[in-house]
Structure formats: structure tokens, C-alpha cells
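Read through the structure below, which is laid out as C-alpha cells, and then see the notes.
The values are calculated or read from the model by the stated rules, or taken from the named source; none is laboratory data. These numbers were taken from a predicted model, which means no experiment stands behind them. Methodologically, a virtual Cβ is constructed for each residue, glycine included, from the backbone with ideal geometry; neighbour enumeration extends over all protein chains shown.
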């Protein structure tokens, strides 16, 4: 156990462990690269195709030190909290859905549903699904291969060397441990924890989202009004006020890039997520360093307005 914990300490300090010291099998089907999501490589290819990456190479490489993966840790509404709260009473997941792309007023089991769209996460023909279908990602039939880890994730305590490792395979188990500082034992466990964070984050947002009938999806005009200073950067690199955000070839996906960074925004849903009966656009954002492996991902909201806007970061697990 001491040797295993030493490996965890080495990885936590950012040092690359020697291959023979990682007692972990080769990646299984559905696993992604330990430190980089393949979707980021797709984003980079799109940027290169637009000629922006070639401009970056001509201007000179931008050096960014370190490999970072930002994980969203916190609460899943399906987890039992310290106050003894349990999961809300959701309608059954097998009810018939009438979800269509870009239609926020679909019905599920006779009630108004919230449509979530993400062509990289959902296998439906439209890339969209209803909120009920993704509230339990471990058993969801609409998640694309590789979104949910192909095997349980081994978590270890951050400081207590005597605490036994925990095998994590559900959001209900993942969230309390992550909030307490537990993390993946090996590099691949850390990557799988990032997969859990993403999938459980979407599920948590789906569990609290309330319908916003009649609210249209994000348009080019909406993105133009976004204050670029509110977009997360990496290190000293950030986006300029005139960096354009352009539509991707995938529905509900928008891209932007400059010499140092590339970003992808997914218009997940239009819903009320804070209980004030005022709808927001729910966004998944990803920012990566051009020519490097550092990236960050999270969730944010944008107000439904014709005025200038700023991304408001969301912790989908916040108590």
C-alpha cells in the first residue's frame, strides 16, 4: 500500500512516474488518453483547418509549462449529503420522449422537459436528449462511448496513508470523495476521474434544470455580445476582445482561437438552474493551449438578454 501511495504522491506533484511503476493495465476500449481528451484534438484540427494554427506557427510557438486538467468536484443531487439529503424523486427514465434538436419544450411522460444537446456526449441522431435520460449517466443509454469510464476508478485519500483505496463507478460515490479531496491513484485513474466529473456534472445540471419554454438557442449575435475577458485562460494567455467565436460544423458547438489558445463552447441547454424563474443558457466550455497539452474544462451560464454578457462559472455540485 505504501508503494501505491508513493505513486499517487509522485503524480500529484506533477512528476511523470516511470512506466514500470504504474501498476495499471493498457487502456481499454472507451478509455481516453490519460491527460488529454480526444475531443480536444478534434477541436485543434478544426482550428488548423481554418488557418489559425498556421498563423500561430508563423508567429512563433507559445511556451506553456505543465500539463493541467481542471476537474469539477462537488455535489451530485443523487448523493447522500452530510445533512442526510437523498436523491429527488425523478420520473422513470424509460418514459417516452419527444425530444428534437433545438426544441426546449419537449415532453417526457406528459411533463415539460429540458432538452440537453451535446453531439460529442449523446448518441442520438440530433445530438440531443431529455434531462431524465442523463440523470443517471452510469446506466444511461444515450451516452457516447468513452464518455463514461470503461472501468471503476481507484481513489485514494489525499493525506491519510492508512485509508483504504475506494473503487468508484457512480456519481453518488464519486462526488463526496472528490469534495473531500480524494483523487485518482494512477494517471489513468486521474483521467477517468475527469470523465466522471464531466458526465456527473451534466447529470447534476439536468437534475436541477427547469424548463424555459420559447427560449431560443445561442446565436452568433449572442456570442458577439460575450465579454471575452470572462472566458477562462491558461497561465498568462487569454482571449482578446476581438477574437471571433464561430459556429462549428456540429450543431450547438462554437469555436474560437488566437495564437496561444483555442476554445470550444457547447450550448447545452436553455433552462432555469438557480430557481429564480429566469432562464439561462447553460454552456460547457473547454480551453486548450495551442501546441501543448494543458487544457481546462467547466460549465458556465449566460443570461438570456440582448445586453452584453459575461460567462458565470457554474459548480454543478455546489451545496
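Results, tabulated for the structure shown:
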quantity	calculated
Filter result for residue 254 (at pLDDT 95 or above and part of a helix (DSSP H, G or I))	no
Exclusive hit being in contact with a strand residue (DSSP E or B) (Cβ under 7 Å, 6 or more places away or on another chain), surrounded by 22 or more Cβ atoms within 10 Å (Cβ to Cβ) and at pLDDT below 95, set 209, 178	209
Hits in region 288-316 (condition: in contact with a strand residue (DSSP E or B) (Cβ under 6 Å, 6 or more places away or on another chain), assigned to a loop (DSSP other than H, G, I, E, B) and surrounded by fewer than 17 Cβ atoms within 10 Å (Cβ to Cβ))	293
Residues (surrounded by 14 or more Cβ atoms within 10 Å (Cβ to Cβ), out of contact with any helix residue (DSSP H, G or I) (no Cβ under 7 Å at 6 or more places or on another chain) and within 22 Å of residue 296 (Cα to Cα)) located in region 219-243	223, 226, 228, 230, 231, 232, 233, 234, 235, 237, 238
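Condition check ((1) in contact (Cβ under 8 Å) with a residue 24 or more places away in the chain; (2) farther than 17 Å from residue 116 by Cβ; (3) outside any helix (DSSP H, G or I)) across all residues:
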position	(1), (2), (3)
151	yes, yes, yes
155	yes, yes, yes
160	no, yes, yes
172	yes, yes, no
177	no, yes, no
203	yes, no, no
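The rows are residues; the columns are (1) under 29 Å from residue 293 (Cβ atoms); (2) out of contact with any strand residue (DSSP E or B) (no Cβ under 6 Å at 6 or more places or on another chain); (3) without any contact (Cβ under 8 Å) to a residue 24 or more places away in the chain.
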position: 213; (1), (2), (3): no, yes, no
position: 237; (1), (2), (3): yes, no, no
position: 244; (1), (2), (3): yes, yes, yes
position: 249; (1), (2), (3): yes, yes, no
position: 254; (1), (2), (3): yes, no, no
position: 258; (1), (2), (3): yes, yes, no
position: 261; (1), (2), (3): yes, no, no
